[in-house]
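The values are calculated or read from the model by the stated rules, or taken from the named source; none is laboratory data. Just so you know, these numbers come straight off a predicted model, no measurement behind them. Cβ coordinates were reconstructed from backbone atoms using ideal geometry, including for glycine residues, and neighbour counts include every protein chain displayed. Side chains included, ligands, DNA and RNA excluded: accessible areas come from the protein's heavy atoms. Shrake-Rupley method; radii C 1.70, N 1.55, O 1.52, S 1.80 Å.
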Amino acid sequence: IIAPLVLLILTRMRMPVSTTFLILSVFSADTSGITSVVWKSWSGYIMAFILSFLVWYLSYNTIKKYFKSRKTHRAWTAIQWIVSGTLWGVWVMQDGANIAVYLPRTQSLTEFIIFATTIFAGLGLLFYLRGDKIQEVVSEKARISDIRAATLIDATYVILLI
């Protein structure tokens, strides 16, 4: 139970955390397993930093040139929805994999229905609250008002998560 509590505390402190690291480290009985998980987590952060830097470095002049105008084509809204939906889907899949390690390898129909209903209700509550505290943290850290830049950021996250 300590891993979810630590995750909750770190998230409330607005710290970026790897849920995979916190959850999977619970299953490691020796230090080599924990070291492996830490290395994989750090390599993910390093890869994310490098990819983000390259995307912005290579596209900065193009963005500066073409995003000068505050007017955007209506197609950007559709593109943003598609990219954000993809990001959300990939994120849910990754978190689903983190949850799946706690589930029995085989489930009865009743067990699956209980699990699926719980997840569905949790996601429904998250939608109903419009992200609640999570959205506050994202909005506070991002401060992105241009839909084109937001789309590029979301696309970068999609690539990283995949």
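Gain in length, Lys40 to Tyr60, computed as 0.36 nm per residue apart minus the alpha-carbon separation, to one decimal in nm?
Value of the extension gain: 4.3 nm.
Would you kindly derive the ³J(HN,Hα) couplings of region 90-106 from the backbone phi angles with the Karplus curve 6.51 cos²θ - 1.76 cosθ + 1.60 (θ = phi - 60°), listing them in order in whole Hz, with x for Gly and Pro?
Coupling constants for region 90-106: 5, 5, 5, 4, 5, 5, x, 5, 5, 6, 4, 5, 8, 8, x, 5, 10 Hz.
Show me the ranking of peptides 41-47, 71-77 by mean Cβ neighbours inside 10 Å, starting with the highest.
Per-residue Cβ counts within 10 Å, averaged per peptide and sorted highest first, yield 41-47, 71-77.
In a shell of Cβ-Cβ distance under 14 Å around Leu58, excluding Leu58 itself, what net charge do Lys and Arg (+1) and Asp and Glu (-1) give?
Computed value for this residue: +2.
Considering only protein heavy atoms, what per residue accessible area in square angstrom results for region 49-92 with a 1.4 angstrom probe?
On a per-residue basis, 86 Å².
Using the Karplus equation 6.51 cos²θ - 1.76 cosθ + 1.60 (θ = phi - 60°), what ³J(HN,Hα) coupling, rounded to whole Hz, does each residue of region 43-50 give in order, writing x for Gly and Pro?
5, x, 5, 5, 4, 4, 4, 5
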